[in-house]
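Visitor: First the structure, then my questions, so here it is.
The values are calculated or read from the model by the stated rules, or taken from the named source; none is laboratory data. Just so it is clear, the structure is predicted and the values come from calculations on it, not from any experiment. In this analysis, Cβ positions are derived from the backbone assuming ideal geometry, glycine residues included, and neighbour counts consider all displayed protein chains. Remember, those area values only see protein heavy atoms, side chains included, never the ligands or the DNA or RNA. Shrake-Rupley method; radii C 1.70, N 1.55, O 1.52, S 1.80 Å.
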Amino acid sequence: GKAPKGLGLGVKLLAAGAAAAYGLQQSMFTVDGGHRAIIFNRIGGIQDYNLAEGLHFRLPWFQYPIVYDIRARPRKITSPTGSKDLQMVNISLRVLSKPNPNALPVIHQQLGQDFDEKVLPSICNEVLKSVVAKFNASQLITQRPKVSALINKQLTDRARDFDIILEDVSITELSFGKEYAAAVESKQIAQQEAQRAAYLVEKAKQEKQQKIVQAEGETAAATMLGAAISQNPGYLKLRKLAASKKISSTIAASQNRVYLNAGSLMLDVVNPEFDKGINATAKGGR
């Protein structure tokens, strides 16, 4: 049969509506947060501006957006290098980098979207070798803040030449070769042995001084004892009585039976013989 009147017009309108919807959809794009877009024109190439976050329009087929992530991204770079005293050093950096948003067209034309892969490893190795070669191995440890600041400054300046912004550069690892580690260990052992030898020398000096003081004290005590005996023989009597008391206590506590006379125990104080030796000693002291 014959097609209904107006069917052709409806199909045309539907096709036109679909084409318009498709064209509108293709002419719009969105730039997400933390991103920027540059426009490639099939006639004029890369345009010298960038588009911020939000909704934007383009000419379908003639133009298409290239989106860049401008948020800082971490990257770890390790480089073996040599110090000023020819020690092998393994040093690792953590670098936070991002592209300069105002230079995205130039970055895309010269480096591409993988700009960090092309630039950062080479300039990091270059700067690390240059800076580490200025310091001895021991200075890399004792002056680490200075080394880190120097690396940060030089690396930031080199990255700026490629329109890359470095927000942070920090040393995450610093290690030395086996030969240096063995040398440090040997040095520590030698220092410990030297400290022990110094301690033994000081101890010997102290013991020597102690013996000198002790001998001087004993000499002074003997001199004072001789003077006391010569001036007062009663001191010896007291000492003999103290000795007698000690002997008696020892014998009394013993389980064995011991028979001693008063003379052997030095308890016969009324006997003239008791004072005979003391008087002779006192006279000899004078």
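Visitor: Under the definition of Cα pairs under 8 Å and six or more residues apart, what whole-number percent is the relative contact order of segment 123-224?
Guide: 19
Visitor: From the Cα gyration tensor of segment 1-86, with a ≥ b ≥ c the square roots of its eigenvalues, which class applies: rounded if a/c is under 1.5, or else prolate if a/b is larger than b/c, or else oblate?
Guide: Prolate is the answer for segment 1-86, as a/c is 1.5 or above and a/b outweighs b/c.
Visitor: Quote the FRET efficiency, to the nearest 0.05, computed for E207 versus A227 with a Förster distance R0 of 35 Å and r equal to the Cβ-Cβ distance. Intermediate values should be presented prior to the final figure.
Guide: Working: r = 30 Å, r/R0 = 0.87.
Calculated value: 0.70.
Visitor: Another question, then. What is the extension gain from T219 to Q143, computed as 0.36 nm multiplied by their sequence separation minus the C-alpha to C-alpha distance, in nm to one decimal?
Guide: Value of the extension gain: 21.4 nm.
Visitor: Output the pairs from K98/K146; K76/K98; K84/K129; K187/K208 with a Cα-Cα distance over 20 Å in this structure; if there are none, say none. Let's see the in-between values first.
Guide: Values: K98/K146 25 Å; K76/K98 14 Å; K84/K129 10 Å; K187/K208 31 Å.
Violating the 20 Å Cα-Cα cut-off are K98/K146; K187/K208.
Visitor: List the relative contact order of segment 1-138 as a percent without decimals, with contacts defined as Cα pairs under 8 Å and 6+ residues apart.
Guide: Reported as a whole number, the value is 20 percent.
Visitor: May I ask you to derive the FRET efficiency for L241 and Q188 from their Cβ-Cβ distance with R0 = 41 Å, giving the value to the nearest 0.05?
Guide: Computed FRET efficiency for L241 and Q188: 0.05.
Visitor: Return the FRET efficiency for the residue pair S92, R71: r is the Cβ-Cβ distance, R0 is 22 Å, and the value is rounded to the nearest 0.05.
Guide: 0.45
Visitor: Another question, if that's okay. Suppose all protein chains stay in the model; what accessible area per residue would a 1.4 Å probe give for segment 101-202, in Å²?
Guide: Accessible surface, normalised per residue, equals 60 Å².
Visitor: Moving on. Sorting check: for 159-166, 17-24, 116-123, 59-66, which peptide has the highest mean count of neighbouring beta carbons within 10 Å, and how do the rest follow?
Guide: Packing proxy ranking, top to bottom: 159-166, 116-123, 59-66, 17-24.
Visitor: Could you work out what % of the accessible surface of segment 33-172 is carbon and sulfur, using a 1.4 angstrom probe and leaving DNA, RNA and ligands out of the count?
Guide: The computed percentage sits at 52.
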